[in-house]
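Below: the structure, in structure tokens.
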Amino acid sequence: MASEAPNQEGWVEAKDEEALANVPVVTAQKWDGSAKVYQWNDEFGDVGPKFPDLEVELFGAPESRHEVAGLDFSRIEEIEVHQEGPRKIDPIGTFNGAGLHPVMLENVELCGYQTPTPIQKFTIPSILQGHDVIGIAQTGSGKTAAYLIPILSKLMGKAKKLAAPRPNPVTFREGIDGVCAEPLVLIVAPTRELAVQIFNEARKLCYRTMLRPCVVYGGIPVMEQINLLQKGCDILVGTPGRLVDSIQRPRVLTLRRLKHIVIDEADEMLDAGWEDDLQQILGGGEQDEGNVSFYLFSATFPKAARDLAKEYLAASHVRFRVGRAGSTTENIQQIVLQAEGHEKRDMLVKLLETNPGVRTIIFVNSRREADNLDAFLWNLGLPVTSIHSDRSQVEREAALRAFRAGTAPILVATGVTARGIDVPNVMHVINYDLPSIDHGGIEEYTHRIGRTGRIGHRGVATSLFSERDIDLASVLTRTLLETNQEIPEFLESYKPADTDRKHLKFETESDFDPNDVAGANDMGGAPAGDGSAPGWGSGEAQGEPAASGGWGASNGDAAAETGAWGSGGGDAVAADNAWGVAPDTTSKAPGGW
Ligand code: AMP
């Protein structure tokens, strides 16, 4: 029977044998941070020549670039961006009109980005004008490009003057020609996966320029990263621990040339206890005071993040917020099913059967559960992989690569490892375990389900709710109400008496006290793309639902690639289904429940 839970021990053994036979030989060079970057030759003029092979590696084959460009941005104007602070920034409408460096414009086009996302419309002019910025936006809003495009564009004309001397990569001799890395830009991110994603976006946007991106993070031998840093580094992305480690080696890295510091997913970093490391990094440079611009991006804006902002950002910074931070977008259909522990595996298999072939992330709360579930699904013949913090970094990267490529389109993950990952065509997120209140609660839920419904795509998030999740019931119900989802019967009693969806009370709303950050004495909202100042400062921002419903594209636009699905032995699943269709968003629950 498809959904009978098999003897787990036996299955685990079977997986191990097979897995051992199939483990690819992973050499040290295979870590993501060693990916190719544009090699600048001193003989180039102001702009380097094109390299078609590298172009394909960075941006994909020309015919596939429309996959991004083809997103339906027709309703993007409806997405609200709230601007806070005394200074109002006129949003840009297009990349072309933004005053970007011509090479940056070409790179944006190669990326397939046709229209700036709402947050980009505001951050691009702000950063170009020299303001410090707080962006309250989640991964998926286009926030990486929102800071990289203007920062890199500003540097493009000046790179030769500002950048530290470095060896010519064409003639570089390892161990002889190395230099101390003196980046102009530092981007700090909480997880290795997010750091790699930012690095990859930087690799694209630095194409044909002498700006050289590098990334450092734990789990990879330090020497490998030092070798790369020694070739010179202008844009450094890193996780706090490895950055501090590198700063403590003054012949490897100095921050004295820094012009821009970005703290990405600040709330996550502070949550994870990186506060001391962050202080060391931010205070550790010998750079001239007032010479560095700070940008802080965060999905939520709790007190610790506000304190950080107060300490480092100029009082005259500008602040933007896309929708209500912490709120989920309405283009994610959220389904909550009641399931006690012993029923979960059966339900999971049914869910996978009902929505076959779509890229799916299954969240669990423990490493052990991740291992067990991975083995269980693998032995049902499903193309699954998993990721958690006990895995080596090379294993984590290999799993994510397989997930991205579609060879293993089901990913079992613990929340921590998969929070910041951006895979554009994840169509289904399953909370096999809901996050407990003590471990992130509704914020974690929001982050997790945000892995689907990425820019311009619709997605489904299904959560299995057991008795153990009672503490989450109230806030989960309000979140469902706020985002116009149906409330399952077993959560009806948690509905607030006053179900005015526009004015639901959320504990995190105190995050948006406009007077709490130096310089912020005004707040208001305007639709992105609407440059008109009148009407700003409506004060309506608090508690408003994220007006992101209908971010574009139709359901099936980004289905998983079919390659390698439907492996043998899958008696439990319709293995030869047309893996590649969108999840069934019309039924509230898989058949027969
Ligand atoms: P992020 O919020 O930075 O994780 O970005 C989410 C995704 O949006 C990434 O895959 C980006 O490549 C993509 N993206 C960023 N800006 C744009 C844009 N203007 N148009 C289309 N896609 C974009």
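The values are calculated or read from the model by the stated rules, or taken from the named source; none is laboratory data. From a predicted model like this one, the values you see are computed outputs, not experimental measurements. When we count neighbours, we look across all protein chains shown, and the Cβ atoms used for this are built from the backbone with ideal geometry, even at glycine.
Is it the case, given these coordinates, that Ile136 is within 13 Å of the ligand (Cβ to nearest atom) and closer than 28 Å to His447 by Cα?
yes
Residues to consider are Pro91, Pro62; find the one that is surrounded by 13 or more Cβ atoms within 10 Å (Cβ to Cβ), more than 25 Å from Ile235 (Cα to Cα) and at pLDDT 75 or above.
After ruling out the rest, the residue left standing is Pro91.
Please pick out the residue among Ile127, Ile119 that is aliphatic (A, V, I, L, M), surrounded by 24 or more Cβ atoms within 10 Å (Cβ to Cβ), away from the ligand (no atom under 11 Å from the Cβ) and assigned to a helix (DSSP H, G or I).
On the way: Ile119 fails: away from the ligand (no atom under 11 Å from the Cβ).
So the residue among Ile127, Ile119 that is aliphatic (A, V, I, L, M), surrounded by 24 or more Cβ atoms within 10 Å (Cβ to Cβ), away from the ligand (no atom under 11 Å from the Cβ) and assigned to a helix (DSSP H, G or I) is Ile127.
Condition first: farther than 19 Å from Ala98 by Cβ and either under 29 Å from the mean Cα position of the chain (by Cα) or among the hydroxyl-bearing types (Ser, Thr, Tyr) (or both). Now tell me which residues in region 151-177 satisfy that.
Across region 151-177, the qualifying residues are Ala159, Ala163, Thr171.
Check off (1) in a helix (DSSP H, G or I); (2) at pLDDT below 85; (3) within 11 Å of the ligand (Cβ to nearest atom) for Val108 and give me the number that stays unchecked.
Looking at each condition in turn, Val108 falls short on (2).
Kindly establish whether Ala146 is within 27 Å of Glu397 (Cβ to Cβ), modelled with pLDDT of 90 or more, of a type in the set (A, V, I, L, M, F, W, C) and more than 13 Å from the ligand (Cβ to nearest atom).
no
Confirm whether Gln230 is of a type outside the set (Val, Ile, Thr) and within 25 Å of Lys154 (Cα to Cα). Show your work before the answer.
Details: of a type outside the set (Val, Ile, Thr): yes; within 25 Å of Lys154 (Cα to Cα): yes.
Yes, satisfied.
Anything in region 178-190 that is of a type in the set (Val, Ile, Thr) and either within 10 Å of the chain's Cα centre (by Cα) or more than 26 Å from Gly273 (Cα to Cα) (or both)? List them, or say none.
Within region 178-190, Val179 is the sole residue that qualifies.
Of the conditions (1) away from the ligand (no atom under 16 Å from the Cβ); (2) touching a residue at least 60 places away in the same chain (Cβ under 8 Å); (3) outside any loop (DSSP other than H, G, I, E, B), Ile151 satisfies every one except a single condition; which number is it?
It fails just one condition, (1).
For region 475-495: of the residues being of a type in the set (Asp, Glu) and either in a helix (DSSP H, G or I) or without any contact (Cβ under 8 Å) to a residue 12 or more places away in the chain (or both), which is farthest from Gln338 (Cα to Cα)?
Glu482
Which one of these does Glu224 not meet: (1) charged (D, E, K, R); (2) within 16 Å of Trp40 (Cβ to Cβ); (3) surrounded by fewer than 22 Cβ atoms within 10 Å (Cβ to Cβ)?
Going through the list (1) charged (D, E, K, R); (2) within 16 Å of Trp40 (Cβ to Cβ); (3) surrounded by fewer than 22 Cβ atoms within 10 Å (Cβ to Cβ), Glu224 breaks only (2).
Could you tell me which residue of region 159-172 is nearest to the ligand (Cβ to nearest atom), considering only residues that are in contact with a Leu (Cβ under 9 Å, 6 or more places away or on another chain) and not in a helix (DSSP H, G or I)?
Kept after step one, since they are in contact with a Leu (Cβ under 9 Å, 6 or more places away or on another chain), are these residues of region 159-172: 159, 162-164.
Within this subset, residues satisfying the condition of being not in a helix (DSSP H, G or I) are 163-164.
On the way: Ala163: 25, Ala164: 28 Å.
Going through the qualifying residues, I end up with Ala163.
Name the residue, out of Gly218, Gly238, that is touching a residue at least 60 places away in the same chain (Cβ under 8 Å), more than 16 Å from the ligand (Cβ to nearest atom), under 22 Å from the mean Cα position of the chain (by Cα) and closer than 24 Å to Met269 by Cβ.
Gly218
Do the conditions hold for Thr94, that is, is it over 27 Å from the mean Cα position of the chain (by Cα), more than 18 Å from Tyr207 (Cα to Cα) and without any contact (Cβ under 8 Å) to a residue 24 or more places away in the chain?
Criteria not met by Thr94.
Restricting attention to region 208-217, which residues are under 14 Å from Ile151 (Cα atoms) and not β-branched (Val, Ile, Thr)?
Those that are under 14 Å from Ile151 (Cα atoms) and not β-branched (Val, Ile, Thr): Leu211, Arg212, Pro213.
Just to be sure, is Arg448 without any contact (Cβ under 8 Å) to a residue 40 or more places away in the chain and closer than 23 Å to Thr144 by Cα? Lay out the reasoning, then the answer.
Numbers: without any contact (Cβ under 8 Å) to a residue 40 or more places away in the chain: no; closer than 23 Å to Thr144 by Cα: yes.
For Arg448, the condition - without any contact (Cβ under 8 Å) to a residue 40 or more places away in the chain and closer than 23 Å to Thr144 by Cα - is not met.
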